[in-house]
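The values are calculated or read from the model by the stated rules, or taken from the named source; none is laboratory data. Computed from a prediction, not measured in an experiment: that's the story for all the values here. Cβ placement follows ideal geometry from the backbone for every residue including glycine, while neighbour counts extend to all protein chains displayed.
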Amino acid sequence: MPSDVAQQVKSDVGLASALRSSIMRLSRQIRWQRVDDAELTANQLSVLGALAKHDAMTLGELAAHEKVKPPSMTRIVSNMEAAGLLVRRPHETDKRLVLVELTEAARALILANRRRRDEWLKTKLKTLTPEEREILRKAAPVLEKLAAL
């Protein structure tokens, strides 16, 4: 770790600032590795991620999860449905509701993105020393915990 960063992270404020800055730069670089034939918006990518994690969701659940108003989510889903990335189907128990789920094309796009990003990051990790990679192995669960708070 460069000495200026090492000095900065000695306080909690410095640690917060260094983490924010580093995580934002790394996140940006990872986003640039995206396979994006469909040229999806950030909202659409977020919807894909939510549905990949939670499987099928109602429009209301998806809107709440993404913190957007239901009419906005309806518009997002309609555009993605037209692009062949999402399908709607009736809810199993409540016929008033509609479930939204990924198509195989969306699943393939998500997998291609994950593979490309993982490969890029794996290449970057190889440039680190074994000790630095071990630090990251120990930090990964802590960062996940921080992200979940």
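Closer than 26 Å to Ile23 by Cα, among the charged types (D, E, K, R), without any contact (Cβ under 8 Å) to a residue 24 or more places away in the chain and not in a loop (DSSP other than H, G, I, E, B) - does that describe any residue in the range 66-87?
yes
Before we move on, is Lys138 farther than 29 Å from Leu40 by Cα and either of a type in the set (D, E, K, R) or in a helix (DSSP H, G or I) (or both)? When the stated conditions are applied, Lys138 passes them.
What are the residues in the range 88-115 that are of a type outside the set (Val, Ile, Thr) and part of a strand (DSSP E or B), if any?
Step one: filter the range 88-115 for residues of a type outside the set (Val, Ile, Thr), giving 88-92, 94-97, 99, 101-102, 104-109, 111-115.
Result: Arg88, Arg89, Pro90, Leu99, Glu101, Leu102.
Counting the residues of the range 116-131 that are surrounded by 10 or more Cβ atoms within 10 Å (Cβ to Cβ) and either part of a helix (DSSP H, G or I) or among the small types (Gly, Ala, Ser) (or both) gives 8. Contact annotation: residue pairs with Cβ atoms under 6 Å, 6 or more positions apart or on different chains, pairing a residue in the range 26-43 that is within 18 Å of Thr103 (Cβ to Cβ) and at pLDDT below 85 with a partner that is surrounded by 13 or more Cβ atoms within 10 Å (Cβ to Cβ) and not small (Gly, Ala, Ser), are Val35/Asn113; Val35/Arg116.
I'd like to verify a number: residues in the range 11-29 that are of a type in the set (S, T, N, Q) and over 18 Å from Leu125 (Cβ atoms), how many? Steps first, please.
Looking only at the range 11-29, we keep the residues that are of a type in the set (S, T, N, Q), and these are 11, 17, 21-22, 27, 29.
Narrowing further to those that are over 18 Å from Leu125 (Cβ atoms): 11, 17, 21.
Number satisfying all stated conditions: 3.
Among the residues of the range 96-114, how many are surrounded by fewer than 12 Cβ atoms within 10 Å (Cβ to Cβ) and over 16 Å from Leu48 (Cα atoms)? Total meeting the criteria: 1. Could you please let me know if Glu66 is among the acidic types (Asp, Glu), within 18 Å of Ile110 (Cβ to Cβ) and surrounded by 15 or more Cβ atoms within 10 Å (Cβ to Cβ)? So Glu66 passes the test. Selection of first residues in the range 1-18 that are under 22 Å from Glu131 (Cβ atoms) and of a type in the set (Phe, Trp, Tyr) and of second residues that are at pLDDT 85 or above and surrounded by fewer than 12 Cβ atoms within 10 Å (Cβ to Cβ), restricted to Cβ pairs under 7 Å at least 6 apart or on distinct chains, gives an empty result.
Mind checking which residues of the range 35-63 are under 11 Å from the mean Cα position of the chain (by Cα) and under 14 Å from Ala112 (Cα atoms)? Leu45, Leu48, Gly49, Ala52 - these are the residues of the range 35-63 that are under 11 Å from the mean Cα position of the chain (by Cα) and under 14 Å from Ala112 (Cα atoms). Can you find a residue in the range 110-131 that is without any contact (Cβ under 8 Å) to a residue 24 or more places away in the chain, out of contact with any helix residue (DSSP H, G or I) (no Cβ under 8 Å at 6 or more places or on another chain) and under 23 Å from Met57 (Cβ atoms)? Yes.
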